[in-house]
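One structure below.
The values are calculated or read from the model by the stated rules, or taken from the named source; none is laboratory data. None of the values given here were measured: they were computed from a predicted structure. Cβ coordinates were reconstructed from backbone atoms using ideal geometry, including for glycine residues, and neighbour counts include every protein chain displayed.
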There are 2 protein chains.
Amino acid sequence: MQRQFEQELRELKNRILAMGGLVEQSIEKATHTLQTKEKSGLTALRAIERKINEEHIAIDSLCLEVLARLSPVAADLRLILAIIKINTDLERMGDQAMNIGYNTEHYIEDGGIDLQESLKLNLPTMATAVRKMVRDALDAFMKGDTVLAQKVLESDDEVDSYKNNIFDTLVTFMRTKPDQIGSALDLILVARNLERMGDHATNIAEDVIFACTGEDVRHGVGGHGNE
Amino acid sequence: MQRQFEQELRELKNRILAMGGLVEQSIEKATHTLQTKEKSGLTALRAIERKINEEHIAIDSLCLEVLARLSPVAADLRLILAIIKINTDLERMGDQAMNIGYNTEHYIEDGGIDLQESLKLNLPTMATAVRKMVRDALDAFMKGDTVLAQKVLESDDEVDSYKNNIFDTLVTFMRTKPDQIGSALDLILVARNLERMGDHATNIAEDVIFACTGEDVRHGVGGHGNE
């Protein structure tokens, strides 16, 4: 029984890792589309999101089956529940990447000057930081590394500070160029989408800590009432 | 064993219902604060969020215990997993209500004219629609009513259309009053927070349908790639 559980767990972990890879791809594709303003990127993004959604359902259903068939307890049970939650957060990150896509589409259609370029916004750097959070959170999960998971929690502040910076720059810009307000708002919403992705990575890191230690760090000291 | 499960399930369902009540309160408190612009509302909001967070952890831990102790299968297992997911969505709705609070705080501090009043924005109506979604979703959960759950999925479109309407009004306003851009942006973000709460209610309705029928309606025809 335990050996069979280990086998199923390995399969589930690998699939979660692969799904994390898809989420990383979706962040990359979304921000690349924002920079190149080529609408074809949106089609590619949609294809990635579809794959993420399929995996989401498949992983969820596999977890249900493992719980029903092997009735794991203690640390094993916590691991499966962590996978169910991580799976949900990854799927919602895919939704957020898609939302970046929609905001980018709007931004392209507004067809104004390239604010991302002219204002030297930190959006690409922010996107890179969020991608790193996802990778580190899943790396922490695969290795059961709570120190790395803790680092992910801390790096959420960095992402938030990028967002604040981008917000300030764009609001100031809006005041001087009322005709560009639509485009600026699109980018504000993209920054918000990226911030939300960082929050999901934070949730994953918290689940990793709970799965490894049984300790619930959500809402606690140093916890992030994020979303 | 089955009788004990039924007992635990009843307890869990009642706690989820009570948590839904807290979430409704938080929406009410957040929008009331926006309308009265009295900062004391934020302290009350914080107290509600703290209760939501405590319940979140307690319910999660009770679910884990029930799974470990009673190893439910089939429909019973689906119900417990639905509770775990609904619990997460409710907690994140609490976070969103808190975010409305932060955006409202900013709005009060900006101290401009009362846009909510002068532009006759639909924010209070939108908030009422979102509250109804939460109540209906949990009602559907308590009664195992998939028809009502389906209605919740459909009413998400109404909430989205309120949001679009509010966005359009505020963006148009921003163009004519660049000095009020900060306040207008605060309200745009509040509308976004409410929309996200509607998405969470949608997630809950989907979980209810899955728990009742074993049918996964996420990402499917008529599904909402929300978030």
In the list A:Lys177, A:Lys151, A:Lys143, which residue meets the criterion of being surrounded by fewer than 19 Cβ atoms within 10 Å (Cβ to Cβ) and under 22 Å from A:Asn103 (Cα atoms)? A:Lys177
Counted residues in region B:88-141 being within 14 Å of chain A (Cβ to nearest Cβ) and either of a type in the set (Phe, Trp, Tyr) or in contact with a Phe, Trp or Tyr (Cβ under 7 Å, 6 or more places away or on another chain) (or both) come to 2
Exception for A:Ile52 within (1) out of contact with any Ser or Thr (no Cβ under 9 Å at 6 or more places or on another chain); (2) touching a residue at least 40 places away in the same chain (Cβ under 8 Å); (3) more than 16 Å from A:Leu81 (Cα to Cα) falls at (1)
Given the conditions (1) buried (at least 22 other Cβ atoms within 10 Å of the Cβ); (2) within 12 Å of the chain's Cα centre (by Cα), every one holds for A:Tyr107 apart from (2)
So in region A:39-49, with the set limited to residues that are part of a helix (DSSP H, G or I) and not β-branched (Val, Ile, Thr), which one is nearest to A:Ile80 (Cα to Cα)? A:Glu49
Residue under evaluation A:Ser155, criteria (1) within 14 Å of another protein chain (Cβ to nearest Cβ); (2) part of a helix (DSSP H, G or I); (3) not acidic (Asp, Glu), criterion not met: (1)
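Okay, residues lined up against (1) of a type in the set (Gly, Ala, Ser); (2) at pLDDT 95 or above; (3) more than 24 Å from A:Glu49 (Cα to Cα):
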residue: B:Leu153; (1), (2), (3): no, yes, no
residue: B:Asp179; (1), (2), (3): no, no, yes
residue: B:Leu189; (1), (2), (3): no, yes, yes
residue: B:Glu206; (1), (2), (3): no, yes, no
residue: B:Gly214; (1), (2), (3): yes, no, no
